[in-house]
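Report on the following structure.
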Amino acid sequence: MRLIVDQLAKYKIVEILTDSSTSPFASTSATACLIRISKNFEHFADDILVDLGVTLTKRLGQEYYLVRCQNPQPVAASDTKRFIRWNLTMDHAWPCRPEKMENFIEKAAQALFQKFGGQNLQGIFIGMLDASSTHNPYKSLASNLRGRTLQLFANELEAFQEVEEQDPRALSLFCLVGKEGLYCGVCSPLQANGFYPGGTKFISQKAPHTISRAGAKIVEALHYLKLHQPLPAKGSHWLELGASPGGMTSELLERGYQVTAIDRAQLDERLKGRKGLSFKKADVARYNPVPKTQFDSLLCDMNGDVQASLKQVVRLSESLIPGGLILFTLKTPGATNYKECNSLYHEAIKRANAGGLEQIACTHLTYNRLEFTLFLKKTN
């Protein structure tokens with residue numbers, strides 16, 4: 001909290017010096033919703049929207065769909081919500097061209113304060129509609145807008161949290177800004193399906209310990225898990241299936257976990273001698289833990305047939321503690337259409353349930369491709 005207050009003086013509010021326009025924030029109906037669907041599943045978008053029971057109003061940015069719906073929270077109860085990376089029921093929208101708006105930041109900040117002040121928010125978070133480029137001019141605009149808005153909310157700052165300190169079930173104000181305007185809503189991170197506006201947490205892949213892209217997936221998966229339950233305690237023991245070359249292994253070790261890694265291929269040389277690591281060079285299908293060994297969590301990001309991978313997960317989950325966590329990458333590159341993609345998921349859940357595993361969540365993370373991350377727990 002102190003960090004927010006200390007940083008306010010550092011913001012340099014940039015004015016947009018072009019044509020003026022009308023007053024900010026035309027109110028929207030409670031049935032307006034902003035939905036994010038990854039470009040990986042853009043070809044399924046029409047089917048996804050039909051299943052959600054919504055009507056497309058317009059596309060925004062690269063991955064956003066502004067829709068109208070009868071249910072003010074169409075994603076929450078939908079079977080297709082795993083395709084929705086992030087969503088927000090609109091409380092207000094200002095369709096405009098911010099870069100051509102005189103004093104856009106001041107007008108928008110004042111309107112945010114007038115509308116949302118005094119609502120017992122836990123934070124205000126503003127991001128970009130198009131987050132694909134780190135050099136996007138709207139990155140600085142979003143930052144400056146948040147800075148000015150926080151200044152106006154000065155009397156409420158003591159209750160505000162930093163983005164990753166949010167209570168998943170408490171209300172925050174989320175805003176997205178881009179060339180199409182400013183779109184805002186109040187909801188909890190759990191309802192939105194992410195702590196960050198838009199749902200994307202940037203994860204650097206340039207750290208010395210970074211071995212592969214898979215490392216970013218486990219970092220994001222652990223971050224996402226906090227929406228639903230606390231993380232496994234430091235020192236917890238993970239069983240990782242199909243670990244080579246060790247991208248996920250490395251990230252787990254960096255976070256203070258113990259890892260037993262299984263793969264026919266060797267791990268990256270940088271992992272040799274790492275504290276907390278036990279590597280077993282073996283085919284996962286032939287691996288059997290030492291009798292009475294218990295793991296706290298299990299991780300599987302193996303390529304190949306989903307059912308074959310899940311068969312091993314179910315078998316080896318017998319070595320998990322009761323309530324043990326399982327992270328499983330549900331890969332779908334073989335699915336040629338929406339129906340097949342859904343069938344893969346439902347078949348996987350059926351096998352998992354039959355094996356004594358229960359779903360916590362299933363979502364498409366930023367660092368997933370044609371795949372989902374399935375969060376499970378052992379039920380006994």
Seminar exercise, completed: Counted residues in region 238-289 being among the small types (Gly, Ala, Ser) and under 25 Å from the mean Cα position of the chain (by Cα) come to 7
Exercise. Which residues, taken from region 253-300, are aromatic (Phe, Trp, Tyr) and either loosely packed, with under 14 Cβ neighbours inside 10 Å or assigned to a loop (DSSP other than H, G, I, E, B) (or both)?
Worked result: TYR257, TYR287
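I want to confirm something. Restricting to region 301-317 and keeping residues that are over 15 Å from THR249 (Cα atoms) and among the aliphatic types (A, V, I, L, M), which single residue is surrounded by the fewest Cβ atoms within 10 Å (Cβ to Cβ)?
For region 301-317, the residue satisfying everything is ALA308.
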Exercise. Taking PRO230, is it in a loop (DSSP other than H, G, I, E, B), over 22 Å from ARG369 (Cβ atoms) and within 20 Å of the chain's Cα centre (by Cα)?
Worked result: yes
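Please go through region 329-362 and pick out each residue that is among the aromatic types (Phe, Trp, Tyr) and touching a helix residue (DSSP H, G or I) at 6+ places or on another chain (Cβ under 6 Å).
To start, the set of residues in region 329-362 that are among the aromatic types (Phe, Trp, Tyr) comprises 338, 345.
Listed by number, the list holds a single entry, TYR338.
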Exercise. Can GLY117 be described as small (Gly, Ala, Ser) and surrounded by fewer than 22 Cβ atoms within 10 Å (Cβ to Cβ)?
Worked result: yes
For this session: Scan LYS206, LYS201 and give me the residue that is within 19 Å of ILE37 (Cβ to Cβ), at pLDDT below 95 and surrounded by fewer than 20 Cβ atoms within 10 Å (Cβ to Cβ).
Result: LYS201
Exercise. Are any residues in region 114-124 in contact with a Ser or Thr (Cβ under 7 Å, 6 or more places away or on another chain) and closer than 14 Å to CYS175 by Cβ, and if so, which ones?
Worked result: LEU121, GLY123, ILE124
Exercise. Across region 318-346, which residue is surrounded by the fewest Cβ atoms within 10 Å (Cβ to Cβ) among those that are farther than 16 Å from ILE360 by Cα and among the hydroxyl-bearing types (Ser, Thr, Tyr)?
Worked result: THR336
Exercise. Out of region 209-238, which residues are surrounded by fewer than 16 Cβ atoms within 10 Å (Cβ to Cβ) and among the hydrophobic types (A, V, I, L, M, F, W, C)?
Worked result: LEU231, ALA233
Seminar exercise, completed: Contact list, first residue from region 259-276 and closer than 13 Å to GLY247 by Cβ, second anywhere and of a type in the set (Asp, Glu) and at pLDDT 95 or above, beta-carbon distance below 8 Å, six or more apart or interchain, is VAL259/GLU240; ALA261/GLU240
Seminar exercise, completed: When every residue in region 139-181 that is of a type in the set (Ser, Thr, Tyr) and surrounded by 17 or more Cβ atoms within 10 Å (Cβ to Cβ) is compared, the one nearest to PRO98 (Cα to Cα) is THR149
For this session: Scan the strands (runs of 3 or more DSSP E) fully inside region 309-380 and keep the ones with 3 or more residues being in contact (Cβ under 8 Å) with a residue 40 or more places away in the chain and over 22 Å from SER38 (Cα atoms).
Result: 320-331, 371-378
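The values are calculated or read from the model by the stated rules, or taken from the named source; none is laboratory data. Since this is a predicted model, take the numbers as computed values, not measurements. So basically every Cβ, Gly included, is an ideal-geometry build from the backbone, and we count neighbours across all protein chains shown.
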